């Protein structure tokens, strides 16, 4: 019976093979060629439609050759029918990821181009504002309208600088710190590409320009304490960001043999901006004394500030000792009550301490000097009191003497 | 008497040792799933990287009166059947040659005439227990080591 079945199978096999005889080798080669074709096509896929079409073709290939799975399992060694399609699906997924990334990059490039245009427009508008500011300074005679125009321009310029800073931040994020770039494992080609982007979008020159404008702005305008606080915060924030970014950019751009002059210039400008903001802060504080007729020496640092104030108080104390001046309660009160406590301690001190422009010890040194000054005032007041009591006693004795003499 | 018993014991041990060294493992299936198509090099050698063997096939071509300089670059189609016989032929040969691997070479087992004018577009398929041979316009015959299966 078994023999009969075997014979039957062989007969059917022979009959069918005669009709459809085809080389297995050819079949396998066709399959391999198609797989290779789709693998290569997936490496260079350009659109979602193309990807979808390849996906359909792979599904069709799988169906078409499913009847030859056994043949392919043997012939594709060390791969087999299933692992070949697993590899194709993995390639398909990679291609899809690449395509998504490509789309993201195109979107990013569009965004970056827009950011660059916005940046150029803002730079233009900043210089127009600066010109207007100079005009206002020279032309408007009416103080009130001058102030209004001035304030409006300053506010507009600050907003302009902030917007540009924001755009530069976004440009840096887009061009240098893209999420898919792991800086530590960046290849040479990736570094070259980022370097090219930095140059193409003139990023370093834009950072330089922004810093120069910030310096120009801080030197050109007058600010309220709260404005200076904000500007100082922005400056510190930028300096911190630049510390990280500068190192990163230097690392990325190290692929170039030419020295990074722009980076050194930016470092200098960052320090110059910091010094300019500090100078402006100290100048604003000095103006508090000057506005009340107190002429203290100019100071640009915390140490100079302490020396200037203690020097001023010392000169006052010494002048009382040496004459001809005497302790003036008004002078003391203006310096201590109106300026030191009402303005500096209230509006500036927390900020100066927080930003480390002044130390707690330096503050105490000034306050000790103020105490010393007040003691001189008190000792002068005591002397006056004793003299007055003495005069009163003498007057009383004279009156009593006159009274006794009259009675007798 | 003692010598005789020692000699018998030695004989018995010898028989056991001999029996152990000549055993057979079966069944075995040597069939390749698909034929190999191998190119003859300038020295007449074909190399199969998948099955890790190489063999000089110039003697097979000499059988068909094709000299060595003319065989370089030709395709040789090889397949191995279930029992381990190698079937070989090439475009233009009249026969399919059946070999069995031996120490250091392949011995001809049989020569099967498949086309007296030389085969055109030959190919082998594994159809255990047979080897399918295709030539021309998908003309198919089934082979064993002994010849064409009628």
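Hey, can you tell me all the residues within the stretch B:135-150 that are assigned to a strand (DSSP E or B) and either at pLDDT 95 or above or more than 8 Å from chain A (Cβ to nearest Cβ) (or both)?
B:135, B:141, B:142, B:143, B:144, B:147, B:148 - these are the residues of the stretch B:135-150 that are assigned to a strand (DSSP E or B) and either at pLDDT 95 or above or more than 8 Å from chain A (Cβ to nearest Cβ) (or both).
Scanning the stretch B:34-65 for residues being away from chain A (no Cβ under 12 Å), part of a loop (DSSP other than H, G, I, E, B) and within 13 Å of the chain's Cα centre (by Cα) gives a total of 1. Remark: residue A:114 falls outside the filter, which requires a residue to be within 14 Å of another protein chain (Cβ to nearest Cβ), more than 19 Å from residue A:41 (Cβ to Cβ) and without any contact (Cβ under 8 Å) to a residue 60 or more places away in the chain.
Restricting attention to the stretch B:20-33, the residues being away from chain A (no Cβ under 14 Å) and either in a loop (DSSP other than H, G, I, E, B) or surrounded by 13 or more Cβ atoms within 10 Å (Cβ to Cβ) (or both) number 7.
Please indicate, with yes or no, whether at least one residue in the stretch B:75-91 is closer than 26 Å to residue B:27 by Cβ, away from chain A (no Cβ under 14 Å), surrounded by fewer than 20 Cβ atoms within 10 Å (Cβ to Cβ) and at pLDDT 95 or above. Within the stretch B:75-91 (the criterion being closer than 26 Å to residue B:27 by Cβ, away from chain A (no Cβ under 14 Å), surrounded by fewer than 20 Cβ atoms within 10 Å (Cβ to Cβ) and at pLDDT 95 or above), the answer is yes, since at least one residue qualifies.
Of everything in the stretch B:84-99, what is within 13 Å of residue B:112 (Cα to Cα) and part of a loop (DSSP other than H, G, I, E, B)? Give them in sequence order. Passing the criteria: B:93, B:94.
Is the stretch B:114-129 home to any residue that is in contact with a helix residue (DSSP H, G or I) (Cβ under 9 Å, 6 or more places away or on another chain), within 15 Å of residue A:22 (Cα to Cα), within 11 Å of another protein chain (Cβ to nearest Cβ) and free of Cβ contacts under 8 Å to residues at least 12 places away in the same chain?
Narrowing the stretch B:114-129 to residues in contact with a helix residue (DSSP H, G or I) (Cβ under 9 Å, 6 or more places away or on another chain): B:123-127, B:129.
Add one more test, that the residue is within 15 Å of residue A:22 (Cα to Cα), and what stays is B:123-127.
Retained after the next criterion (residues that are within 11 Å of another protein chain (Cβ to nearest Cβ)): B:123-127.
With the extra rule that they be free of Cβ contacts under 8 Å to residues at least 12 places away in the same chain, the set shrinks to none.
No, the stretch B:114-129 contains no residue that is in contact with a helix residue (DSSP H, G or I) (Cβ under 9 Å, 6 or more places away or on another chain), within 15 Å of residue A:22 (Cα to Cα), within 11 Å of another protein chain (Cβ to nearest Cβ) and free of Cβ contacts under 8 Å to residues at least 12 places away in the same chain.
Name the residue, out of A:234, A:256, A:240, that is in the same structural domain as residue A:152 (by TED's automatic domain parsing), closer than 30 Å to residue A:288 by Cβ and exposed (fewer than 14 other Cβ atoms within 10 Å of the Cβ). Step through it out loud before you land on a result.
Numbers: A:234 fails: exposed (fewer than 14 other Cβ atoms within 10 Å of the Cβ); A:256 fails: closer than 30 Å to residue A:288 by Cβ.
Within the list A:234, A:256, A:240, the selection yields A:240.
Considered as a group, the residues in the stretch A:47-94 that are in contact (Cβ under 8 Å) with a residue 40 or more places away in the chain and assigned to a loop (DSSP other than H, G, I, E, B) include one that is nearest to the other protein chains (Cβ to nearest Cβ), and that residue is A:76.
Here is a check on your reading of the model: is residue A:101 under 29 Å from residue B:32 (Cβ atoms) and not assigned by TED's automatic domain parsing to the domain that holds residue A:197? Step through it out loud before you land on a result.
Numbers: under 29 Å from residue B:32 (Cβ atoms): no; not assigned by TED's automatic domain parsing to the domain that holds residue A:197: yes.
The answer is no for residue A:101.
The values are calculated or read from the model by the stated rules, or taken from the named source; none is laboratory data. Since we're looking at a predicted model, the values are computed, not measured. Cβ: placed from backbone, ideal geometry, glycine included. Neighbour counts: every protein chain shown.
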